[in-house]
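Everything on this sheet refers to the single structure shown next.
The values are calculated or read from the model by the stated rules, or taken from the named source; none is laboratory data. What you see is a predicted model; the values in this text were computed from it and never measured. Cβ: placed from backbone, ideal geometry, glycine included. Neighbour counts: every protein chain shown. What goes into the accessible areas is simple: the full protein's heavy atoms, side chains included, and nothing from ligands, DNA or RNA. Shrake-Rupley method; radii C 1.70, N 1.55, O 1.52, S 1.80 Å.
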Amino acid sequence: MNKVVLIGCGNVGMSYAISLVYGNSFVDELVLIDINKNKAEGEALDLMHASSCSERRINIKAGDYSDCNDADIICIAAGRNQEVGETRHDLIDKNISVFRSIISEINKTNFSGIYLIATNPLDVMTYVTMKLSNAPAEKVIGSGTTLDTARLRYLISTELSINPRNIHAYVIGEHGDSEIIPWSNALIGLNPATKFLNKQTRNKILKDVRNSAYEIIKKKGNTAYGIGMCLKNLTDAIFNNSNSIFTVSVYNPKLKTCIGQPTIINRDGATKIMELDLDANEKQEFLASVKT
């Protein structure tokens, strides 16, 4: 039985939850935990009703930290949201205190599964989780630049009228303003992306990828649907043991930090970082992002 415990029933957490329910996921049991117990109970009830319309039934309930004992994945989506005018870095102090509280409770259980982190600043909170939990590095996975990569492929597909599935390009580095697009590794089908996209267009795409969250937050107050789907896909890759590559944030011992890079994901967690062969400028930009 594949069991997920979701901690944090805000916009991101519930977008992840509904993606699991509607997306024909590999999850058998979903437990919701929130500091507001009534909200967790209400969301669980609402999701249970929605699950009757889904092809695959998931056992859903509101629970507590004792449910972590036999969980396979704990997804942490709790914390303060990024407000209009804030950067992700502005959330560091606020959300570290939240994580101290959450992970101290998890540490009282027998949980030995995989942490999936969605709280900003993403790379920092992934590192904090690894340190506070003492979990093996491969079992602490931040969503990293998976959403940024999805945005990149969407923007390229719109520009060129090509299905995103045929676009092989990544965003790497910090999930934040210093993230980079290594165009030297980007392919459209089997052709270099630079064959179809001039420098001006590439620069505009990078700017739009970096500014996407700010634009959405300014218009609707939060980003949720895209990251919800990315978390769902990561969950399925774990439970399906698919050896799929995602640009997640995991601990890189060479760099001594958690940072977004293409990584193989399966039932054991983040099993191998697939380091890209970057050109000289990209190496500089990537190391600057690591430093940030």
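Out of Lys218, Lys207, report the one residue that is part of a helix (DSSP H, G or I), surrounded by fewer than 16 Cβ atoms within 10 Å (Cβ to Cβ) and either hydrophobic (A, V, I, L, M, F, W, C) or in contact (Cβ under 8 Å) with a residue 60 or more places away in the chain (or both). Talk me through it step by step, then tell me what you get.
Working: Lys207 fails: either hydrophobic (A, V, I, L, M, F, W, C) or in contact (Cβ under 8 Å) with a residue 60 or more places away in the chain (or both).
Only one candidate qualifies: Lys218.
Report the residue count in segment 18-61 for those that are within 29 Å of Asn241 (Cβ to Cβ), of a type in the set (Gly, Ala, Ser), free of Cβ contacts under 8 Å to residues at least 40 places away in the same chain and not in a loop (DSSP other than H, G, I, E, B).
Residues meeting the conditions: 3.
Answer yes or no as to whether Ser249 is under 17 Å from the mean Cα position of the chain (by Cα), within 16 Å of Thr149 (Cα to Cα) and surrounded by fewer than 17 Cβ atoms within 10 Å (Cβ to Cβ).
On the way: under 17 Å from the mean Cα position of the chain (by Cα): yes; within 16 Å of Thr149 (Cα to Cα): yes; surrounded by fewer than 17 Cβ atoms within 10 Å (Cβ to Cβ): no.
In short, no.
Which one of these is touching a His at 6+ places or on another chain (Cβ under 6 Å) and either hydroxyl-bearing (Ser, Thr, Tyr) or farther than 20 Å from Gln284 by Cβ (or both): Thr145, Thr158?
Details: Thr158 fails: touching a His at 6+ places or on another chain (Cβ under 6 Å).
The match here is Thr145.
Can you pull out the residues in segment 173-197 that are in a loop (DSSP other than H, G, I, E, B), of a type outside the set (Asp, Glu) and within 17 Å of Asn281 (Cβ to Cβ)?
Going residue by residue through segment 173-197, those that are in a loop (DSSP other than H, G, I, E, B) are 174-179, 181-182, 186, 189-190, 196-197.
Right, trim to of a type outside the set (Asp, Glu) and you get 175-176, 178, 181-182, 186, 189-190, 196-197.
Ser178, Ile181, Pro182, Ala186, Leu197 - these are the residues of segment 173-197 that are in a loop (DSSP other than H, G, I, E, B), of a type outside the set (Asp, Glu) and within 17 Å of Asn281 (Cβ to Cβ).
Out of the residues in segment 107-150 that are under 20 Å from Ser289 (Cα atoms) and among the charged types (D, E, K, R), which is least open to solvent (accessible area, probe 1.4 Å)?
Asp148
Report the residue count in segment 263-277 for those that are acidic (Asp, Glu) and either buried (at least 17 other Cβ atoms within 10 Å of the Cβ) or within 11 Å of Ile172 (Cβ to Cβ) (or both).
Let us first name the residues in segment 263-277 that are acidic (Asp, Glu), namely 268, 275, 277.
Those still in the list that are either buried (at least 17 other Cβ atoms within 10 Å of the Cβ) or within 11 Å of Ile172 (Cβ to Cβ) (or both) too: 275.
The number of residues fulfilling the criteria is 1.
Among the candidates Ala71, Ala78, Ala40, Ala44, which residue alone is within 23 Å of Tyr127 (Cα to Cα), more than 16 Å from the chain's Cα centre (by Cα) and crowded, with 16+ Cβ neighbours inside 10 Å? Full working, then the answer.
Numbers: Ala78 fails: more than 16 Å from the chain's Cα centre (by Cα); Ala40 fails: within 23 Å of Tyr127 (Cα to Cα); Ala44 fails: within 23 Å of Tyr127 (Cα to Cα).
Testing whether each residue is within 23 Å of Tyr127 (Cα to Cα), more than 16 Å from the chain's Cα centre (by Cα) and crowded, with 16+ Cβ neighbours inside 10 Å leaves just Ala71.
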